[in-house]
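First comes the structure, then the notes that go with it.
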Amino acid sequence: MNGFLSVLLDIFRQPAVIVALISLIGLALQRKKATDVMQGTIRTLVGFLVLAAGAGVVSNSLTPFGDMFQHAFHVQGVVPNNEAIVGTVLVKYGSEAALIFFFGMIVNILLSMTSRFKYIYLSGHVAFYMATMIAVIFEVAGLPTWGVLLWGSIAQGLIVTVSPALVQPFMKQATGTDEVALGHTGGAGIALGGLVAMLTRSKKHPSKSTEDIKFPKGLGFLRDTTVIVALSMAVIYVIVALFAGPAYIEAKLSGKQNFLVFAVLQAATFSAGVFIILAGVRVVLGEIVPAFKGISEKLVKNAKPALDVPMTFTFAPNAVLIGFLSSFVGGIVGMAIMAVAHTTIIIPGIVAHFMTGAATGVIANGVGGRRGAVLGAFANGLAITFLPLLLLPVLGDVGLANATYSDADFGVAGVIFGYIGKSGGQIALIAGVIIAVAVFYLASLLMTRHERSKAAAVAKAE
């Protein structure tokens, strides 16, 4: 039994496998030819693996940048890094986290079937990370194992259903389509960025899109996303490398390779990773959206696949870089405020600022142009700096580690459920989950009624 569960979890923790299975089921439900089903499934699997490979290349190129930054500016503190904190949690709460993740997926489907929020969360890796945090918070509250699994699974299902719903109004504006949703633990911060972009846009002086940036004829080559990303990141890497110094970089990071050559090559590698991501995204979107119609028609009517943040990158490539840099600046500003306030210092997590900052830049650009991209991503950067600080006290012994969860959904959900459990104990935590479910369905009902009354008014006017 344990062996079967282990294999099952290995399957569902791999987003590429999940998305490929969804493609297979969707195409089969549409009664496509066996050859078409096989072709669509394989292309989806390979496309997502290409996307994941690109994300890995980006992450690997950002790791030495983070090390150089900390050494250059002598910063010590807690680093938000999902992989690091999850590794710590799994040692103690691995079984609970795995079961919460699995049953949380079932709750997600049930909530999608019975409400207007029809988002099927397909980013299995970040959903699993969320399950580890839920396991910690519900264990720290003192619930018995069955209670941790029951109430934790419901909380998990709620979070992964609500998160895409928060982003979708902005996602639709940015992408021009309502067929795909965003499934990532940075959803709350990205939605915040979209809201900031909406509040700061001006009807009299609308901000142009990041994609309308005009370059002089002599600099026409900068229209190429790969080139502009590589050059921009090269400047940033070289500046940080100069502050870090050749002795540290060549001894600790580059394997005695010249520190400037190393910095430039890491910047070029970053750009290569972005290029790979964009190629993978095009393949996956081309396959998963048509295939998902089968799921929508047969199982969950009008369901939308909620996919990982790189899916947004093709819609505004310039906004990817602008969003990342703006979010990172927000993280530095937040870190400076913490230093002045003498609190625990949250060091900007480079990967988190790239993934969620880039997506925020794309979403906020669609809502409020360049101004929106800059201000929205900056707001995301502040959010993923201060939310981890608030999250630390509710993680029990895990909160004493030198790493913590990085994305905004962890902070929002963790702060809500964590402080309810910390202040009111088990009963308050259970009541909090029940109230959250009630609010979820109430919001669904009210929004549906509003939509129907609006449609009726339009029909009457015609």
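Tabulated data
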| quantity | calculated |
| --- | --- |
| Separation in nanometres of the label points that stand 7 Å from Cα toward Cβ, at L231 and M38 | 4.8 |
| Contact order normalised by residue count of region 221-343, Cα under 8 Å, 6+ apart, percent | 22 |
| Cα convex hull volume per residue for region 86-245 (Å³) | 198 |
| Estimated FRET transfer efficiency (A251, V333; beta-carbon r; R0 22 Å; 0.05) | 0.10 |
| Which of G368, G66, I350, positive extreme of dipole for the chain (C-beta unit charges) | G368 |
| Fraction of the pair-distance distribution of region 326-462 above 17 Å, Cα-Cα pairs, percent | 69 |
| Pair K301, I213: separation of 7 Å Cα→Cβ label points (nm) | 4.6 |
| Nitroxide proxy distance, nm - points 7 Å out along Cα→Cβ at V437 and M198 | 2.9 |
| Mean Cβ neighbour count within 10 Å, used as a protection proxy, ranking 435-442, 310-317 highest first | 310-317, 435-442 |
| FRET efficiency estimate (nearest 0.05) - Cβ-Cβ, Q70 to R116, R0 41 angstrom | 0.35 |
| The chain - charge dipole about Cα centre, Lys and Arg +1 at Cβ, Asp and Glu -1, debye rounded to 20 | 1420 |
| Heavy-atom accessible surface of the chain: percent carbon and sulfur, 1.4 Å | 67 |
| Residue-count net charge about A359 - beta-carbon cut-off 15 Å; Lys, Arg +1, Asp, Glu -1 | -2 |
| Cα convex hull of the chain - mean projected area over all directions, nm² | 25.9 |
| Protection-proxy order for peptides 60-72, 176-188, 330-342, each taking the mean of Cβ atoms within 10 Å per residue, highest first | 176-188, 60-72, 330-342 |
| Extreme residue, positive dipole direction of the chain, given options G157, T145, V281 (C-beta unit charges) | V281 |
| Highest-first arrangement of 117-126, 154-163, where packing means the average Cβ count within 10 Å | 154-163, 117-126 |
| Per residue, in Å², the accessible surface of the chain once ligands and nucleic acids are set aside, probe 1.4 Å | 44 |
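The values are calculated or read from the model by the stated rules, or taken from the named source; none is laboratory data. From a predicted model like this one, the values you see are computed outputs, not experimental measurements. A quick note on method: Cβ atoms are made from the backbone with ideal geometry, for glycine too, and the neighbour counts reach across all protein chains shown. To get the accessible areas, we keep the full protein, side chains included, count just its heavy atoms, and leave off ligands, DNA and RNA. Shrake-Rupley method; radii C 1.70, N 1.55, O 1.52, S 1.80 Å.
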